[in-house]
Structure formats: C-alpha cells, structure tokens
1. Which of the listed residues, V141, F81, N97, is farthest toward the dipole's positive end in the stretch 63-196, when Lys, Arg count +1 and Asp, Glu count -1 at the beta-carbon?
2. Quick check: convex hull over the Cα atoms of the chain, volume per residue in Å³, rounded to an integer?
3. Debye calculation, C-alpha points only, no solvent: report log10 I(q)/I(0) for the stretch 96-185 at q = 0.14, 0.23, 0.24 Å⁻¹, in the same order as the q values.
4. Label A243 and F302 with points 7 Å out from Cα along Cα→Cβ: what is the distance between them in nm?
5. Starting with the highest mean, order 15-23, 260-268 by the number of other Cβ atoms within 10 Å, averaged over the residues of each peptide.
6. Reachable lysines from K3, Cα under 25 Å, same-chain residues fewer than 8 places away excluded?
7. With the Cα gyration tensor of the stretch 1-77 giving a ≥ b ≥ c as the square roots of its eigenvalues, does the rule (a/c under 1.5 for rounded; else a/b larger than b/c for prolate; else oblate) give rounded, prolate or oblate?
8. Stick to Cα atoms and the Kirkwood definition of Rh, then tell me Rg/Rh for the stretch 81-138.
Amino acid sequence: MNKTNALVESGILAALAVVMATVAVYVPVLGIFVNFIWPLPIIACGVRNGLKWSFLTTLVAGIICAMILNPLQALILVAVFGLLGLILGEAMRRNTNPLYIIAFGSLGALLAMAINFALAFWVLDINPIAMLFESFDQSLVQMADFQRAQGIAETEITTSIASYKKLIEMMRVILPGAFLLTAPVLSFINYWVAKKILTKLGNHFETLPPFREFAVPAWLVLPYALSLFGVTYFFNTDPDGWAYHAFVNIQVICSVIFVIQGLALIYWYVYIKNKPHWWATAATFLIFIQLASLVILWVGAFDSIADFRKIRGKKS
C-alpha cells in the first residue's frame, strides 16, 4: 500500500478511534463495551499499514481526545489501550502464533496499566484506586437513602449496607489479581474481534486451538493448594497482613483458570460424545451459581492432574 493510501486510511481509523472514545465517555452502557475494544482501529492500522502508521494513529487520536474530552481520558486510552493496540497490530501483521499474540498483548496490557498508574500518581497527582473506592462508598450512601425512601426498616438497611461493605473490602483485597486477569481478557477480546473483522477484509491469520483443548500444566495445582492453606491460616492469624492478601489473590487467579479448564473439559466431552451443543452453553452459565462454579473449578483442577483428555500425551 502506498504512502497516500496509508495516510488516508490512518486518518479514517484515528477519527473512528475518537468517535469510539466519545461513545465510551458519554454512553453509559454501550460505553463500557466500546472502551474494551477501543484498540481495534489501532490494531487494524498496524495490520494493514505497519507499526509507524499505527503509532501515528494512536498519537493523533490521543491528542484529539485530550482536546475534546479530557487529558486524563486521553492518557488512559493512549497509555493502556493504545499500547495494547500497537502490540497486537504488529504481532498480527507478522502473523505470529495466536497464543503468542495473546501472551504479548497481555504483557503489554500489564505494562500499560502500570505506566498509567505511575503517570496518574506522579504526573496528575491522582490516585485512581482511591477514587474508585470513594465512588463505591458514595454509592452505598445513595443506596441507603434510596432504601429509606422506600420505607425499608433501618435494621434491614444496616444489614444490607454491612454486607456490601464486606464485598467492597474483598474487592480491595483481590484488586491486584483482578488486574492480572484483566490483561489477558483485554488481549483476547481485541485479538478475537480484530481477527473477525480483518479476515472479512481479506487478511489471513493462524487460527486459535479449539477451546475444548485449553489446558494448563499440572504444577498449577500446587500454588492453588498452597493458597487454600494460606488463606485459611492467615485469615485466622493476620487477616490484614500482606501474606493473607497475597494468598487470596493467588487463589482467585488459580480459581478462574481452573474454572476455564473445567468448562473446556465440558466442551470436549460434548464434542467427543456428539451431544447437543447447548449442553456446553448451559454449563457456561452455571459458573454464575456458586456451588456449580465450585464443582467446575474442582473438575478443572483434577483434569490438570489426571489429563482426562490425554492432551499432554498427544503433545509429547
């Protein structure tokens, strides 16, 4: 593609990125989804025109967003989602293995989030985490006022507020693990959507292995087992200490991974036994039920040890 076409296409994609950023700010529900896929124009530009043009697209979009929205929003977009778009776009342009693309994107997203927090703390003198939990505290006050307006008894209001406060405190504890899990989710969503769109435009990429073949190494059971012991022990001895917080985050990360593996095992069973696909779909929704998700978690953990699908045997 010649320079003129690249310039025109990059300008169009930068304008699309600005429109998406505006939607993310001013449209409450849709904006959440749009914010997650904001890197798509950057990825598309990188795949079609190269890293130099995708960098210029990110820069231009960031400058315009800073002028029409606010500098903080532009900083978040460029520092987090922009960097993710640059990495995924270049990796996809080189037709890298899809698993490596998602891994590189995850590392890039983690680095970008770290840079974003550092800039917020040291340059803008803003504590994003404190702002997040202040908004939660304000929502509790508003919820209590709403319940009082509905005539709910004060004792019931106190009980419900106390339970929500415990939930918020747990969210504060697991925040590091949540950030670690957010990175691969962001990377996968943007890779998957970008691949769907760019394939329709004539680009070709390697395909991801089927979800039913998702598997993690058996050694991951060890940190999970240690986290179960650590959470129980330190909850009774030092619930406010760093060790308890660390073990809780390890448990959260491992639990999510094993739930995914448990679902993959269910999808594999449905595929092998030629059962209706809606069985697997229904199992996916079961993860929102506490007892069912716990069963799926343990199934996934046992699969990593027993290798029910004989995946490790195939690879060796």
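The numbers here are math on the coordinates, done by the rules we state, and not lab data. Keep in mind the model is a prediction, meaning the values are calculated, not measured. No Cβ is skipped: glycine too gets one built from the backbone with ideal geometry, and neighbour counts run over all protein chains shown.
1. Checking the options against the dipole of the stretch 63-196, the answer is N97.
2. On the way: hull volume 57.8 nm³, N = 316.
Residue-normalised Cα hull volume stands at 183 Å³.
3. Each listed q maps to, in turn, -0.70, -1.10, -1.15.
4. Between A243 and F302, the label points sit 3.2 nm apart.
5. On the way: 15-23: 19.4, 260-268: 21.7.
Final packing ranking: 260-268, 15-23.
6. Excluding near neighbours in sequence, the set is K52, K195, K200.
7. Values: a/c = 2.43, a/b = 1.82, b/c = 1.34.
Because a/c hits 1.5 or more and a/b exceeds b/c, the stretch 1-77 counts as prolate.
8. Here Rg/Rh amounts to 1.18.
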